[in-house]
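To start, the structure itself, in structure tokens.
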């Protein structure tokens, strides 16, 4: 009998989340650990193995019932070789780290590796907001902006495994500098980080906002999506202005992708969307639609919020494992 | 025995080109007519039929030896329905015109219809600069900028048949107005038309250039790619400045597409490339590569000039017919 239960793992800079996922995309059990990147690639991989074991145990299952493990990594990978290319957030010990082989040896399970945003897109396509669509683009807006492409129901990794890098598309030539060093990228204009930069600059120039008070009250040092959302909901004028600008650029980014790819569905996810929901997405949709070159069937394209929240990664990783590791 | 010879037609605003193409992509014979758009969709389609018949006759063949006709149209189409959606250059009689059915009835041949840029991309992929690549993007720079996407060796039309509209991707938010009315599109920054606008504006502001003299000498009223190329070759300072700017924006457009799609090959074609060749493409390549987010394998992506010149359309249309009409 084919094994129908897989483990999906979402490796983040802060947490490792592992989930046992059945063939209907239901999470049967999960386990979470701190990543503690200072342990290095080998140490973190050991912890990933322990987290997987804990999730399987909580599901009341044994390894022999598990078809394999899919893992999403915050950086570029070589899926065929099972290598991590690098992970800026996790440190240099991850450069060309053989994650698939190391984790397979540790767990005795078959393993497949991909980029975290790619597996998130696959999760949203298979069990989330993109269900039933043949072609889908997912865009996740948070600290950065990442994307994943599904065509004919399959994840498209691209020739060099770097398809879907929507955050580094230039939408304002010679615009603000991006984290990557180049200018005018969507990530430098529409991410949470871009909003934080704009708010801090306005503060420094003497603009009034309730943001510093909110951060103090909640003990945040970073301007999280939750802080920005609270200020927006409270009607803070500077925040509204900055969010509107970010929405404008996100709408333009989405239009660029639609004009090139013409997918059926665009799913928007990530921290900002999760916190702010439809009121965040509605103006983005309006701006995007204004910039679609094909105006005849604008209403046919669905621009929708992600449906799986923090679980898109683990569910998508389990789907990937099922697709790639099927016996 | 399966028929191995197809007719490809390239319908342009000025000329109709029909070619009889064998299974190796060789043009066995061709025929050309004036489009004369004022004849309207029905009249032009009659002339297309005559041009096809002339090409078949010149090849020394009969209709019964021809597998079918593929035709590339300068505007959006519904391939499944065989309809032209509209053709801005040809007039309103083309709106929702049933080209497939009309031409099939006129010629007694099976017909398939697609966008001219899409079939050009398919031609370059099958027999031109993109041969052997699994995934390819073609960008044609002329009066406008159009593109076509090949993935897994197949033309991707998109959910609404409008994939590949690279000319209308925003690369400079709120930049110059495009022919379509929106701002900051690649077409408004890197097309021949954009160069012409920049040169005319500089002229109006008193800048010196040999362009007006060249146009007078050659009897051009439009600033053709050939005029721009001649001025560039003669070292005209304004022309060099304007071409450099257009190259910069084209490089950024290509990088945007590569960061999203990650294809193996990008083919650049169209009037400007045909006239200026590698000296035009080399700076574009440098700028594009600077903006690829994946810097590890930059050299793996081939950014190359189109190889079929004016024949990419007819050859691609014949390939499309072979793919779609195979018995």
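The values are calculated or read from the model by the stated rules, or taken from the named source; none is laboratory data. Since the model is a prediction, treat every value here as computed from it, not as a measurement. Backbone-built Cβ (ideal geometry, glycine too); neighbour counts: all protein chains shown.
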For residues that are at pLDDT 95 or above and within 12 Å of residue B:119 (Cα to Cα), tally how many sit in the range B:64-82. 4
Any residue at all in the range A:3-17 that's modelled with pLDDT under 95 and either more than 24 Å from residue A:140 (Cβ to Cβ) or surrounded by 23 or more Cβ atoms within 10 Å (Cβ to Cβ) (or both)? yes
Filter the range A:125-140 for residues that are assigned to a strand (DSSP E or B) and within 13 Å of chain B (Cβ to nearest Cβ) and give the result. A:136, A:137, A:138, A:139
Qualifying residue in the range B:64-78 (condition: part of a loop (DSSP other than H, G, I, E, B) and within 14 Å of chain A (Cβ to nearest Cβ)): yes
Report the residue count in the range A:155-168 for those that are surrounded by fewer than 24 Cβ atoms within 10 Å (Cβ to Cβ) and free of Cβ contacts under 8 Å to residues at least 60 places away in the same chain. 4
Of all residues in the range B:218-269, which are in a loop (DSSP other than H, G, I, E, B) and either within 14 Å of chain A (Cβ to nearest Cβ) or more than 26 Å from residue B:203 (Cα to Cα) (or both)? B:262, B:263, B:264
Those residues of the range B:48-58 which are in contact (Cβ under 8 Å) with a residue 40 or more places away in the chain and either touching a strand residue (DSSP E or B) at 6+ places or on another chain (Cβ under 7 Å) or not assigned by TED's automatic domain parsing to the domain that holds residue B:36 (or both), in sequence order: B:48, B:51, B:52, B:55, B:56
Of the residues in the range B:179-217, those that are in a loop (DSSP other than H, G, I, E, B), closer than 26 Å to residue A:184 by Cα and either away from chain A (no Cβ under 14 Å) or in contact with a strand residue (DSSP E or B) (Cβ under 9 Å, 6 or more places away or on another chain) (or both) come to B:179, B:182, B:184, B:186, B:191
Taking into account only those residues within the range B:293-304 that are assigned to a loop (DSSP other than H, G, I, E, B) and at the interface with chain A (Cβ under 8 Å from one of its Cβ atoms), which is farthest from residue B:139 (Cα to Cα)? B:296
Of these, A:322, A:275, A:285, which one is at pLDDT 95 or above, more than 14 Å from chain B (Cβ to nearest Cβ), within 23 Å of residue A:184 (Cα to Cα) and in a helix (DSSP H, G or I)? A:285
Which of the residues that make up the range A:141-159 are over 23 Å from residue A:224 (Cα atoms), assigned to a loop (DSSP other than H, G, I, E, B) and more than 9 Å from chain B (Cβ to nearest Cβ)? A:153
Tell me, which residue of the range A:160-178 that is modelled with pLDDT under 95 and over 17 Å from the mean Cα position of the chain (by Cα) is nearest to the other protein chains (Cβ to nearest Cβ)? A:160
Quick test for you: out of A:16, A:56, pick the one residue that is part of a strand (DSSP E or B) and in contact with a helix residue (DSSP H, G or I) (Cβ under 9 Å, 6 or more places away or on another chain). A:16
Which listed residue, of A:112, A:45, A:143, A:102, is surrounded by 17 or more Cβ atoms within 10 Å (Cβ to Cβ), touching a helix residue (DSSP H, G or I) at 6+ places or on another chain (Cβ under 8 Å) and not assigned by TED's automatic domain parsing to the domain that holds residue A:11: A:143
